[in-house]
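Q: Have a look at the structure that comes next, please.
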Amino acid sequence: MEWDSISKGVTLPQFAFPDSSRASVNHHNNILDDIKREVAEKQKREEDYKQNVLEALLGIERNTASIATLVTLIQQNNDKQDEIIGLLNQVFEMSKSQTKEEAESKYRQFMKKLSDFNGDVGTIQALQGFANTAWTVLQPMFTGTGT
């Protein structure tokens, strides 16, 4: 016998979940979705944090390398030590600027003195790199201040 012929005329009961069960399932699904979203957000925050720490460490590494370069410049240029220290002092003075205009003026003064500096190309490049780094660090301090 085939199933169709046996089941002919037989009605099976219809099972229906009460509305409260559907609501409960939907509620649990919403909770799971919220948990997944929170886990994803936490992972994103942790990844962002790790990236920020890495960038900070790389910045520290670059900065300490710059300091070592500056010390080496001063030690290797005995006859120009005072002039190099004077140029470095101008960069530090630029860093004390209260306005963007003041910083720009001091940066231009530094660049003029650097162009008059009679040193080797490597020394000039290192000094210019130091000033450019200071200038880059200063820029966000003046953004949005109207000055």
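The values are calculated or read from the model by the stated rules, or taken from the named source; none is laboratory data. Predicted model only: the values in this text are computed from it and were never measured. Note that we place each Cβ from the backbone using ideal geometry, even for glycine, and neighbour counts take in every protein chain shown. Please note that ligands, DNA and RNA were not included when accessible areas were found on the heavy atoms of the full protein model with its side chains. Shrake-Rupley method; radii C 1.70, N 1.55, O 1.52, S 1.80 Å.
Q: Does Ser105 fit the bill of being surrounded by 12 or more Cβ atoms within 10 Å (Cβ to Cβ), of a type outside the set (D, E, K, R), outside any helix (DSSP H, G or I) and without any contact (Cβ under 8 Å) to a residue 60 or more places away in the chain?
A: Values: surrounded by 12 or more Cβ atoms within 10 Å (Cβ to Cβ): yes; of a type outside the set (D, E, K, R): yes; outside any helix (DSSP H, G or I): no; without any contact (Cβ under 8 Å) to a residue 60 or more places away in the chain: yes.
For Ser105, the condition - surrounded by 12 or more Cβ atoms within 10 Å (Cβ to Cβ), of a type outside the set (D, E, K, R), outside any helix (DSSP H, G or I) and without any contact (Cβ under 8 Å) to a residue 60 or more places away in the chain - is not met.
Q: Which is in a helix (DSSP H, G or I) and surrounded by fewer than 11 Cβ atoms within 10 Å (Cβ to Cβ), of Thr69, Thr133, Thr64, Thr123? Walk me through how you get there before you give the answer.
A: Numbers: Thr69 fails: surrounded by fewer than 11 Cβ atoms within 10 Å (Cβ to Cβ); Thr133 fails: surrounded by fewer than 11 Cβ atoms within 10 Å (Cβ to Cβ); Thr123 fails: surrounded by fewer than 11 Cβ atoms within 10 Å (Cβ to Cβ).
After ruling out the rest, the residue left standing is Thr64.
Q: For Lys44, are the conditions met, namely being among the basic types (Lys, Arg), at pLDDT below 90 and over 20 Å from Trp135 (Cα atoms)? Working first, answer last.
A: Working: among the basic types (Lys, Arg): yes; at pLDDT below 90: no; over 20 Å from Trp135 (Cα atoms): yes.
Answer is no for this residue.
Q: From the list Ser97, Ser115, exactly one residue is among the hydroxyl-bearing types (Ser, Thr, Tyr) and either open to solvent by less than 60 Å² (accessible area, probe 1.4 Å) or not in a helix (DSSP H, G or I) (or both). Which is it? I'd like the intermediate steps shown before the answer.
A: Numbers: Ser115 fails: either open to solvent by less than 60 Å² (accessible area, probe 1.4 Å) or not in a helix (DSSP H, G or I) (or both).
Exactly one residue qualifies, and that residue is Ser97.
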